[in-house]
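Right, one structure below, let's go through it.
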Amino acid sequence: MSRTKSILTEAKQIDTAVELIKLGARLQVLESETDLSYERLLRLYKEVAGKSPSKGQLPFSTDWFMTWQPNIHASLFLNIHEYLNKVAELDEIDTVIKAYKLYMEQVSAQGLEPQLSVTRAWRLVKFVDNGMLTMTKCSKCGGHYVTHPHEIARHYVCGLCNPPARAGKGRNAGAIRLPSAQDCMVD
Ligand SMILES: [Zn+2]
């Protein structure tokens, strides 16, 4: 690798790290996605976020993605991510960043709070990559939702078509509309 190239690569990595910190990513995400040293990332984090990164483990379980509202938010993000994957030639991490920004736009356009953190969004993509989670088409509305693999599509009904009883009156408060692919069009 030439000197120029490695400098550029490093600049790009710093950009990526800064972008992720601004979105609220955990330090472990930066460690995984860049070659920058831990000390460097820690300094960068404090500089950009104005505080020390929170300690503790990353969420390792797929359970969170299977609960009602998180599943709808995760599905919205993953639909956007899959779409970008097809149409945009971006690095993997840039696809996550761009998809996450579009997810936040969609959520705020519907007057809702994002429930999916960028760390969980990143984690979700990893879970899909390693086959622990996938998307299944709802047999009622035809939308694609995050599920465990081997869900039987013929019988699968999503959380919007079949909200839990406990959702009651508040069902619309958290029920986000899944956009069609066209709504996710970039720029
Ligand atoms: Zn449905």
Under a point spin-label approximation (7 Å from Cα along Cα-to-Cβ), what is the Glu105-Leu90 distance to one decimal in nm?
1.0
At a probe size of 1.4 Å, how large is the accessible area of Val146, to the nearest 10 Å²?
0
Enclosed volume per residue, in Å³, of the convex hull spanned by Cα atoms of region 69-127:
69
In order through region 119-129: 3J(HN,Hα) via Karplus (6.51 cos²θ - 1.76 cosθ + 1.60), integer Hz, x for Gly, Pro
5, 5, 4, 4, 4, 4, 4, 5, 4, 6, 4
For a test of the definition: using alpha carbon positions, the gyration tensor, and the 1.5 limit on a/c, classify region 1-108 as rounded, prolate or oblate.
oblate
Computing the accessible area with a 1.4 Å probe over protein heavy atoms, can you report the carbon and sulfur percentage for region 1-118?
49
State whether region 3-49 is rounded, prolate or oblate according to the following rule on the C-alpha gyration tensor (a ≥ b ≥ c being the square roots of its eigenvalues): a/c under 1.5 gives rounded; otherwise a/b larger than b/c gives prolate, and the remaining case gives oblate.
prolate
If a paramagnetic tag sat 7 Å from the Cα of Leu58 along the Cα-Cβ line, which residues of region 109-148 would have the backbone N under 15 Å from that point?
117-133
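The values are calculated or read from the model by the stated rules, or taken from the named source; none is laboratory data. Quick caveat: nothing in here was measured; it's all calculated off a predicted structure. Heads up, the Cβs are rebuilt from the backbone with ideal geometry, glycines too, and the neighbour counts pull from every protein chain shown. Remember, those area values only see protein heavy atoms, side chains included, never the ligands or the DNA or RNA. Shrake-Rupley method; radii C 1.70, N 1.55, O 1.52, S 1.80 Å.
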